[in-house]
Amino acid sequence: MTTNCIKFTSADIETAKGVGSISTLTFDLDITVEPVASANPMAPTHRVLGRSPRGKLVECGGIWKKQSKETGADYYTLTIRDHGFNANLGKAANQDDLSLQAVIPWGPKDAA
């Protein structure tokens, strides 16, 4: 699998499980994502799980569904807590498969 992508079990990302990888200059994670059922609109849609140095599956982040203020379109963001990593999910380049989502990093906004 290509790095910095998540392959979901279906194009209905909100209810799908997935596997992927995230690689940067400071960390390299194989991840599993599992949907979260919650009535709380602020809750993540998915838990992100990675492997500990001893190989145990541990929760390390989440995926949230957001809505663009400009267009009203839904999109997803991903956070890996221990690394302060934030990203959007989007259609992978040169792919028609909507279940394959690219992990597109972004940095925190500067405090003004």
S68 meets each of (1) at pLDDT 90 or above; (2) under 19 Å from I22 (Cα atoms) with one exception, condition (2)
R54: passes all of (1) in contact with a helix residue (DSSP H, G or I) (Cβ under 6 Å, 6 or more places away or on another chain); (2) not in a strand (DSSP E or B) but (1)
Within region 12-43, track down each residue that is touching a helix residue (DSSP H, G or I) at 6+ places or on another chain (Cβ under 8 Å) and within 13 Å of K65 (Cα to Cα).
P35
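Can you name the residue in region 60-85 that is among the small types (G, A, S) and surrounded by 15 or more Cβ atoms within 10 Å (Cβ to Cβ) and, of all such residues, is nearest to the chain's Cα centre (by Cα)?
So, considering only residues that are among the small types (G, A, S) and surrounded by 15 or more Cβ atoms within 10 Å (Cβ to Cβ), the one nearest to the chain's Cα centre (by Cα) is G62.
Looking only at region 7-39, which residues are assigned to a loop (DSSP other than H, G, I, E, B), in contact (Cβ under 8 Å) with a residue 40 or more places away in the chain, among the aliphatic types (A, V, I, L, M) and touching a strand residue (DSSP E or B) at 6+ places or on another chain (Cβ under 7 Å)? First the steps, then the outcome.
Within region 7-39, the subset assigned to a loop (DSSP other than H, G, I, E, B) is 9-12, 16-17, 24-27, 36-39.
Pick out the ones that are also in contact (Cβ under 8 Å) with a residue 40 or more places away in the chain and you get 9-11, 16, 24, 26-27.
When the remaining residues are screened for being among the aliphatic types (A, V, I, L, M), the result is 11, 16.
Scanning region 7-39 gives a single hit, A16.
So that you can scan it fast, the table gives a plain yes or no per residue for (1) in contact (Cβ under 8 Å) with a residue 60 or more places away in the chain; (2) on the phi > 0 side of the Ramachandran plot; (3) not basic (K, R); (4) not in a strand (DSSP E or B):
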{"position": "R47", "(1), (2), (3), (4)": "no, no, no, no"}
{"position": "G72", "(1), (2), (3), (4)": "no, yes, yes, yes"}
{"position": "D96", "(1), (2), (3), (4)": "no, no, yes, yes"}
{"position": "A102", "(1), (2), (3), (4)": "yes, no, yes, no"}
{"position": "P105", "(1), (2), (3), (4)": "yes, no, yes, no"}
Please determine whether any residue of region 23-37 is touching a His at 6+ places or on another chain (Cβ under 9 Å) and open to solvent by 90 Å² or more (accessible area, probe 1.4 Å).
yes
Tell me which residues, restricted to region 40-51, are open to solvent by 30 Å² or more (accessible area, probe 1.4 Å) and either of a type in the set (K, R) or in contact with a strand residue (DSSP E or B) (Cβ under 8 Å, 6 or more places away or on another chain) (or both).
P44, R47, R51
Mind listing just one residue for me: the one in region 86-106 that is open to solvent by 60 Å² or more (accessible area, probe 1.4 Å) and among the charged types (D, E, K, R) and, of those, nearest to P44 (Cα to Cα)?
K91
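Looking at region 58-67, is at least one residue among the acidic types (D, E) and touching a residue at least 12 places away in the same chain (Cβ under 8 Å)?
Taking region 58-67 as the starting set, the residues that turn out to be among the acidic types (D, E) are 59.
This time we only want the ones that are touching a residue at least 12 places away in the same chain (Cβ under 8 Å), so: 59.
Yes, there is a match, as at least one residue in region 58-67 is among the acidic types (D, E) and touching a residue at least 12 places away in the same chain (Cβ under 8 Å).
The values are calculated or read from the model by the stated rules, or taken from the named source; none is laboratory data. Note that the structure is a prediction, hence the values are computed from the model and not measured. Please note: Cβ atoms are built from the backbone with ideal geometry, for glycine as well, and neighbour counts cover all protein chains shown. All accessible areas refer to the heavy atoms of the entire protein, side chains included, with ligands and DNA or RNA removed. Shrake-Rupley method; radii C 1.70, N 1.55, O 1.52, S 1.80 Å.
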